[in-house]
Amino acid sequence: MKRVIAVANQKGGVGKTTTAVNLAASLAATKRRVLLIDLDPQGNATMGSGVDKSQLQTSSCEVLLGEAEISSALVRVEPGGFVLLPANQDLTAAEVRLLTMMAGRETKLRNAMASLRESFDVILIDCPPALNMLTVNSLVAADSVLIPMQCEYYALEGLSALLATVEQIRAAVNENLELEGILRTMFDPRNNLANEVSAQLIMHFGDKVFRTIIPRNIRLAEAPSFGKPVLFYDRESRGALAYLALAGEMIRREEEEREKAAAPAAEADVPAQAVSADAVPQETVAPETAADEPATESIASEGTEGAMTSEGAEGAPFAPDPHRVQTDS
Ligand code: ADP
Ligand code: MG
């Protein structure tokens, strides 16, 4: 796995930061070398990793503006097992500075990161809740975009604006930018609308929707106040298990793709089950604490049976919104 993944959605409060921090820790737990870049002036990923954003000497602000080497700003996160490029509100000023630049403002992060791309297996970028210059910088620097979504009515509306932006960036500067996947977060299966939106997502995006569903879990909301990924706060919690399952799914998917690319045509239709399990043990996926929450049982591990093929991902399922949306909550 060698990938730069932007965790993006211009809607706030959908679980970007929670996903970035906990996926970083879960991938690190599988012995991947992980860098988490905080690109949100709110600095939530920084605080959630146990780093005090008010005490930073150098942060993603200076790195983005080319005033500091990225290596000089990195912090090792323990417990967590990953490396962090922290951020704080200075990043807002950096964004304004970028806006006034005539040329090269979209590629600042990509250039700043170039020196250490090979030092990490996965680089995750936690984007701000806006389709602004910071998000554009991370999409330009990324190989793929992971979109956390709450399955509610307006979620689909925002998605089309984000996908239109991804399309523009692909056309203009980063032709290899892919959709890593859509992640259903804070999911409550007792909510009919959530189930409907979830079904629609699968209809339109097929296997681009991660099979792993992140349930609403109080431990995920509590962990940041202890400055820890949930894996180090309550490793048995459904939230921790769900993010481990997500890491496992991503690794498995990548192995499958690699095998598909390497295998001669004759072997191309080996069923998915035949592919070997990966570093994350399957049994960790089954939520042991589900007994007291029967209605949500098996969410962390449940597949989305009947998922259609990825064909649906190609077209524009929702009318693309030409206006860049900036939503702050
Ligand atoms: P974003 O980065 O998209 O703004 P956050 O990751 O900060 O979203 O999540 C918004 C709020 O919801 C935070 O308070 C977070 O702790 C909480 N939260 C996120 N995911 C979950 C979840 N799966 N279950 C419960 N609370 C969650
Ligand atoms: Mg956030």
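The values are calculated or read from the model by the stated rules, or taken from the named source; none is laboratory data. What you see is a predicted model, and the numbers here were worked out from it, not measured in a lab. Don't worry about glycine lacking a Cβ; one is built from the backbone with ideal geometry, like all the others, and counts go over all protein chains shown.
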- prompt: Which of (1) more than 16 Å from ligand 2 (Cβ to nearest atom); (2) modelled with pLDDT of 70 or more; (3) closer than 24 Å to Arg32 by Cα is the odd one out, the single condition Gly206 does not satisfy?
  reply: (3)
statement: Looking across segment 1-24 at residues that are small (Gly, Ala, Ser) and more than 11 Å from ligand 2 (Cβ to nearest atom), the single one that is farthest from Met149 (Cα to Cα) is Ala24
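A quick yes/no check of all residues on (1) on the phi < 0 side of the Ramachandran plot; (2) of a type outside the set (A, V, I, L, M); (3) touching a Phe, Trp or Tyr at 6+ places or on another chain (Cβ under 8 Å):
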position: Leu98; (1), (2), (3): yes, no, no
position: Leu109; (1), (2), (3): yes, no, no
position: Ala112; (1), (2), (3): yes, no, no
position: Val122; (1), (2), (3): yes, no, no
position: Pro128; (1), (2), (3): yes, yes, no
position: Val140; (1), (2), (3): yes, no, no
position: Ile147; (1), (2), (3): yes, no, no
position: Leu156; (1), (2), (3): yes, no, yes
field: Residue that is farthest from Met149 (Cα to Cα) [pool: residues in segment 26-58 that are within 16 Å of ligand 2 (Cβ to nearest atom) and of a type in the set (A, V, I, L, M)]
entry: Val51
query: part of a strand (DSSP E or B), under 20 Å from the mean Cα position of the chain (by Cα) and aliphatic (A, V, I, L, M), is that true of Leu109?
result: no
message: When you check Ile169 against the structure, is it within 21 Å of Ile37 (Cβ to Cβ) and away from ligand 1 (no atom under 14 Å from the Cβ), yes or no?
response: yes
- line: Picking from Pro129, Pro148, the residue that is at pLDDT 95 or above, surrounded by fewer than 24 Cβ atoms within 10 Å (Cβ to Cβ) and within 13 Å of ligand 2 (Cβ to nearest atom) would be Pro129
query: Within the group Ser60, Ser71, which residue is over 15 Å from the mean Cα position of the chain (by Cα), away from ligand 1 (no atom under 11 Å from the Cβ) and either buried (at least 21 other Cβ atoms within 10 Å of the Cβ) or closer than 30 Å to Ala194 by Cβ (or both)?
result: Ser60
query: Looking at (1) of a type outside the set (D, E, K, R); (2) within 16 Å of ligand 2 (Cβ to nearest atom); (3) touching a strand residue (DSSP E or B) at 6+ places or on another chain (Cβ under 9 Å), which is the one condition that is false for Val230?
result: (3)
query: Tally time: how many residues in segment 209-221 are out of contact with any strand residue (DSSP E or B) (no Cβ under 8 Å at 6 or more places or on another chain) and either within 12 Å of Arg238 (Cα to Cα) or within 16 Å of ligand 2 (Cβ to nearest atom) (or both)?
result: 4
statement: Considering residues that are away from ligand 2 (no atom under 16 Å from the Cβ), part of a strand (DSSP E or B) and either over 14 Å from Pro148 (Cα atoms) or of a type outside the set (Asp, Glu) (or both), the number found within segment 172-203 is 6
task: Give the residue that is nearest to Leu139 (Cα to Cα), with candidates limited to residues of segment 94-126 that are among the small types (Gly, Ala, Ser), out of contact with any Asp or Glu (no Cβ under 8 Å at 6 or more places or on another chain) and at pLDDT below 95.
output: Gly104
